[in-house]
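The structure under discussion appears below in the form of structure tokens.
The values are calculated or read from the model by the stated rules, or taken from the named source; none is laboratory data. Remember, it's a predicted structure, so these values are computed and weren't measured experimentally. Methodologically, a virtual Cβ is constructed for each residue, glycine included, from the backbone with ideal geometry; neighbour enumeration extends over all protein chains shown. For accessibility, only protein heavy atoms count, side chains too; no ligands or nucleic acids. Shrake-Rupley method; radii C 1.70, N 1.55, O 1.52, S 1.80 Å.
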Amino acid sequence: MKHLRKSLLSLVLVIPFLFSSCSNDDGPAVTVVNSKVYDLGTVGTAGVSGTAKFIENSDATLSIELELKNTTQGGLHPAHVHLNNAADGGDIALTLKPVDGATGKSTTTFKALDNGTAITYQALLDFDGYINVHLSADKLATLVAQGDIGQNDLTDVSKVYTLGSVAVAGIDGTATFYKRVNGEALAIVRLKNTPAGGSHPGHIHMNTAVEGGGIAFTFKPVNGDTGMSATNVSKLDNGTAFGYDQVVAYNGYVNFHKSATELNVLVAQGDIGQNELTGMSKVYQLGSVAIPTIDGTATFYKRVNGQALAVVQLKNTPAGGSHPGHIHINSAAQGGGIAFTFNPVNGDTGLSKTNVSKLNDGTAFGYDQVLTYNGYINFHKSATELNVLVAQGDIGQNELTGKKISYVLAQKDVAGISGTVEFAERINQTTLVTIKLSGTPLGGSHPAHIHENNVATSGNIIAGLSPVDGTTGISKTQVSALVGGTPITYTQFLARNAYINVHLNDGAGLSTIVAQGNIGSNAGVPEAKTYNVTANGTTSYTFNGEGFTNSSNPNLTFKRGGTYTFNMSAAGHPFFINTVQGTGIANTYASGVTNNGAVSGTITFTVPMNAPNTLYYNCQFHASMFGTITIIN
């Protein structure tokens, strides 16, 4: 009994000691104070990606938890935190525990970098580094996942610039700049259709692409196998700070070349920063002048900085030619001095590109100024034949609105001379007056005037018109004011009590009137109709509008002096107005016809007063696609 009591006493004494010892060993549980997650993107074709979670623990330690998708069972993937960003590369700063392929997870807890330098949570968030995850310990050269961290982390801000193809058709792409937390940028260039094994150097240049300029920044070459390049952007080649905000405001452009030994061959190019195009543009038509087959467009694209890229595209320019071009003051009908000079149109391509920022005299002249300018464009046959115009068109406030009206100018004292006069509205409300006469003698010059009252009453001259050229039968006049200076608009002309006289010549022939017609309130409104024309295979043209509903090859009746518009959508079936029914182009009727033979866009036919009683429309290639046009007064 004594021994039992002694044993029980010993047990009683030991039990409090055991509880006391357990209580002293249990410290406070470690909890997460702060955390930040970074993305790890896939590298190569393994499809491995995931996240790196940076954790500040309550016991003053730090943890990095890696969690990856698509790792393989049984694999073990070494991982490290490196110095610098992934695009630049750098040495290992911290070795992480390998990622278990079965779970895709790894957790590393630490207080210092591999070199013993202590690091805090805030310092880790500010760290200039990135993470690499490798395929295996014996294949460290093969990365499966990677991501920038700390100050190199990418924000949600980015900017994409388009890189168009240049010398090699099919190679084009984008340059995307991603803003980093530290204000620098990651530039990712992606080009399509680059040749396997190729390496394409690239640079940011100063100025716009059409002006050209020196190299300011060098990208890492695009890998031909992947079509990709990744470059950190923090400073220009000369050391000047150059981050994301500087890129998007830079006066520059990007070039990528065929190879390091063929830097003269560009494969992709695009304006960036303040030179980027906004998406706003304006197209002006350039009509043919001395050479009937040459015409085209001048398109102005607005840049972010308010300047403009002018792209002139002319059709049917001769190979090897070079066609100077200018913006002139005033309208084409008035004529005026040169205000701005374009880069010449290349005859081989029919193309010219010019940056528009100021007039030749230095006056600021950007996109908005172009659209309101009192001007017109001329393109010439060559630098030695500036007197020969190949294309011309009004721009800015002189552009035509599309509103127009035609009046008949009937034969008067000279048999066989008659035609029409067209009043066309400009954006600035002034009027382009175009007289078209047939039967005028070659070399002649026929004065023309607008008179008050009507042909029966007669009256004084209220506006002078440019003489009709006897060789072409055409006169064009810009009219903004009457004799004496009173302004007059297009709308006011339509209500004006007036008529037009065209005379034989400027001498004794002034008393001989060759053509005459009432205008404005004195004239009946000429007929104007619009048809929508498509093709029914090779069988017929299909007409809609003006009373037609899916009508096949209808016969038409037009009035002399009337204007008829065909909105064409008939690919492969050129629509011609002819003097004889049949295919081909040998019998086309040109008088009053604009864009004859088009398959898309519009064909306009203002019927002359001397038009024959019967014309035809035909497909150039298919005999079954035709109709008869009867011409009446």
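Among the numbered conditions (1) in contact with a strand residue (DSSP E or B) (Cβ under 7 Å, 6 or more places away or on another chain); (2) at pLDDT 95 or above; (3) more than 30 Å from I629 (Cα to Cα), tell me where D506 comes up short.
Condition not satisfied by D506: (2).
When you scan region 168-189, do you find a residue that is in a strand (DSSP E or B) and open to solvent by 70 Å² or more (accessible area, probe 1.4 Å), even just one?
First, the residues of region 168-189 that are in a strand (DSSP E or B): 173-180, 185-189.
Now restrict to residues that are open to solvent by 70 Å² or more (accessible area, probe 1.4 Å): none.
Taking every residue of region 168-189 in turn, none turns out to be in a strand (DSSP E or B) and open to solvent by 70 Å² or more (accessible area, probe 1.4 Å).
Taking the criterion of being open to solvent by 10 Å² or more (accessible area, probe 1.4 Å), part of a strand (DSSP E or B), out of contact with any Gly (no Cβ under 7 Å at 6 or more places or on another chain) and touching a residue at least 40 places away in the same chain (Cβ under 8 Å), would at least one residue in region 453-460 satisfy it?
No: zero hits.
Would you mind telling me which numbered condition in (1) of a type outside the set (D, E); (2) crowded, with 16+ Cβ neighbours inside 10 Å; (3) under 16 Å from G147 (Cα atoms) T95 fails?
It fails just one condition, (2).
All but one of (1) farther than 23 Å from G44 by Cα; (2) part of a strand (DSSP E or B); (3) within 20 Å of the chain's Cα centre (by Cα) hold for A209; which doesn't?
If we test A209 against (1) farther than 23 Å from G44 by Cα; (2) part of a strand (DSSP E or B); (3) within 20 Å of the chain's Cα centre (by Cα), just (2) comes out false.
Restricting attention to region 425-446, which residues are surrounded by fewer than 19 Cβ atoms within 10 Å (Cβ to Cβ) and more than 16 Å from P608 (Cα to Cα)?
Kept after step one, since they are surrounded by fewer than 19 Cβ atoms within 10 Å (Cβ to Cβ), are these residues of region 425-446: 427-429, 438-439, 441-445.
Scanning region 425-446 gives I427, N428, Q429, P441, L442, G443, G444, S445.
Yes/no per residue for (1) open to solvent by 70 Å² or more (accessible area, probe 1.4 Å); (2) part of a strand (DSSP E or B):
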position: G485; (1), (2): no, no
position: Y499; (1), (2): no, yes
position: V502; (1), (2): no, yes
position: N505; (1), (2): no, no
position: V514; (1), (2): no, yes
position: N518; (1), (2): no, yes
position: A523; (1), (2): no, no
position: P526; (1), (2): no, no
position: N532; (1), (2): yes, yes
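Can you go through I327, I294 and tell me which one is in contact with a Gly (Cβ under 6 Å, 6 or more places away or on another chain) and within 29 Å of T472 (Cβ to Cβ)?
I327
Scan the strands (runs of 3 or more DSSP E) fully inside region 275-322 and keep the ones with 1 or more residues being open to solvent by 20 Å² or more (accessible area, probe 1.4 Å) and on the phi > 0 side of the Ramachandran plot. Don't jump to the end; show me each part of the working.
On the way: elements: 277-288, 296-303, 308-314.
Counting at least 1 such residues, we get 277-288.
Which of the residues that make up region 311-365 are small (G, A, S), under 26 Å from G270 (Cβ atoms) and touching a residue at least 12 places away in the same chain (Cβ under 8 Å)? Step through it out loud before you land on a result.
Initially, region 311-365 is screened for residues small (G, A, S), giving 319-322, 325, 331-333, 335-337, 339, 347, 350, 352, 357, 362, 364.
Going one step further and asking which of them are under 26 Å from G270 (Cβ atoms), we end up with 322, 325, 347, 350, 352, 357, 364.
Once the filter is applied, which keeps residues that are small (G, A, S), under 26 Å from G270 (Cβ atoms) and touching a residue at least 12 places away in the same chain (Cβ under 8 Å), region 311-365 yields S322, G325, G347, G350, S352, S357.
Which ones in region 467-483 are surrounded by 19 or more Cβ atoms within 10 Å (Cβ to Cβ) and part of a strand (DSSP E or B)?
Correct list: V468, S475, K476, T477, Q478, V479.
I need the full set of residues from region 414-431 which are touching a helix residue (DSSP H, G or I) at 6+ places or on another chain (Cβ under 8 Å) and hydroxyl-bearing (S, T, Y), in order please.
T430, T431
Could you run through region 323-345 and say how many residues are under 20 Å from the mean Cα position of the chain (by Cα) and open to solvent by 20 Å² or more (accessible area, probe 1.4 Å)?
Total meeting the criteria: 1.
Across region 534-550, what is the number of residues that are part of a loop (DSSP other than H, G, I, E, B) and polar (S, T, N, Q)?
Initial filter on region 534-550 (part of a loop (DSSP other than H, G, I, E, B)): 537-539, 546-547.
Within this subset, residues satisfying the condition of being polar (S, T, N, Q) are 538-539.
Looking only at that region, the number is 2.
Quick one: count up the residues across region 116-152 that are of a type outside the set (A, V, I, L, M, F, W, C), in contact (Cβ under 8 Å) with a residue 40 or more places away in the chain and closer than 29 Å to T194 by Cβ.
Number satisfying all stated conditions: 8.
Mind checking whether some residue in region 429-441 is closer than 20 Å to A332 by Cβ and in a loop (DSSP other than H, G, I, E, B)? Outline the logic, then answer.
We begin by selecting, within region 429-441, every residue closer than 20 Å to A332 by Cβ; these are 429-437.
After this cut, where a residue has to be in a loop (DSSP other than H, G, I, E, B) as well, the list is 429-430.
Scanning region 429-441, I find at least one residue that is closer than 20 Å to A332 by Cβ and in a loop (DSSP other than H, G, I, E, B), so the answer is yes.
Would you please name the residue that is modelled with the lowest pLDDT, looking only at residues in region 580-610 that are loosely packed, with under 14 Cβ neighbours inside 10 Å and closer than 20 Å to I632 by Cα?
It comes out as A590.
Kindly provide the set of residues from region 69-87 that are at pLDDT 95 or above, over 10 Å from G104 (Cα atoms) and not aliphatic (A, V, I, L, M), ordered by number.
Hits for region 69-87 are P78, H80, H82, N84, N85.
How many of the residues in region 240-252 are part of a helix (DSSP H, G or I) and open to solvent by 70 Å² or more (accessible area, probe 1.4 Å)?
2
What's the number of the condition N34 fails, among (1) surrounded by 13 or more Cβ atoms within 10 Å (Cβ to Cβ); (2) of a type outside the set (S, T, Y); (3) under 13 Å from L124 (Cα atoms)?
(1)
Need a quick list: strands (runs of 3 or more DSSP E) entirely within region 77-142 having at least 3 residues that are β-branched (V, I, T). Before you say what the answer is, go through the steps one by one.
Numbers: elements: 92-100, 105-110, 128-136.
In region 77-142, 92-100, 105-110 are the strands (runs of 3 or more DSSP E) which contain 3 or more residues that are β-branched (V, I, T).
Take A102 and decide whether it is free of Cβ contacts under 8 Å to residues at least 40 places away in the same chain, among the aliphatic types (A, V, I, L, M) and surrounded by 14 or more Cβ atoms within 10 Å (Cβ to Cβ).
Judged against the criteria, A102 is not a match.
Can you name every residue in region 218-239 that is under 21 Å from G198 (Cα atoms), in a strand (DSSP E or B), open to solvent by less than 40 Å² (accessible area, probe 1.4 Å) and not aliphatic (A, V, I, L, M)?
S229, T231
Starting from region 30-59, take each residue that is in contact (Cβ under 8 Å) with a residue 24 or more places away in the chain and farther than 23 Å from L154 by Cα and list its partners that are surrounded by 16 or more Cβ atoms within 10 Å (Cβ to Cβ) and of a type in the set (D, E), counting only C-beta distances under 9 angstrom and pairs at least six apart or across chains.
These pairs meet every condition: V32/E56; V33/E56.
Scan region 136-155 residue by residue and report those that are over 24 Å from A123 (Cβ atoms) and open to solvent by 20 Å² or more (accessible area, probe 1.4 Å).
Scanning region 136-155 gives S136, A137, D138, K139, L140, A141, T142, L143.
Counting only residues that are outside any strand (DSSP E or B), closer than 30 Å to I603 by Cβ and among the charged types (D, E, K, R), how many does region 360-411 have?
Here the count works out to 1.
Residue check: is I395 surrounded by 22 or more Cβ atoms within 10 Å (Cβ to Cβ) and within 31 Å of the chain's Cα centre (by Cα)?
Details: surrounded by 22 or more Cβ atoms within 10 Å (Cβ to Cβ): yes; within 31 Å of the chain's Cα centre (by Cα): yes.
The answer is yes for I395.
What are the pairs with Cβ atoms under 8 angstrom where one residue, in region 596-621, is under 20 Å from S288 (Cβ atoms) and in contact (Cβ under 8 Å) with a residue 24 or more places away in the chain and the other, located anywhere, is exposed (fewer than 12 other Cβ atoms within 10 Å of the Cβ) and among the hydrophobic types (A, V, I, L, M, F, W, C)? Sequence gap at least six, or different chains.
Final answer for the pair search is V599/A571; S600/A571.
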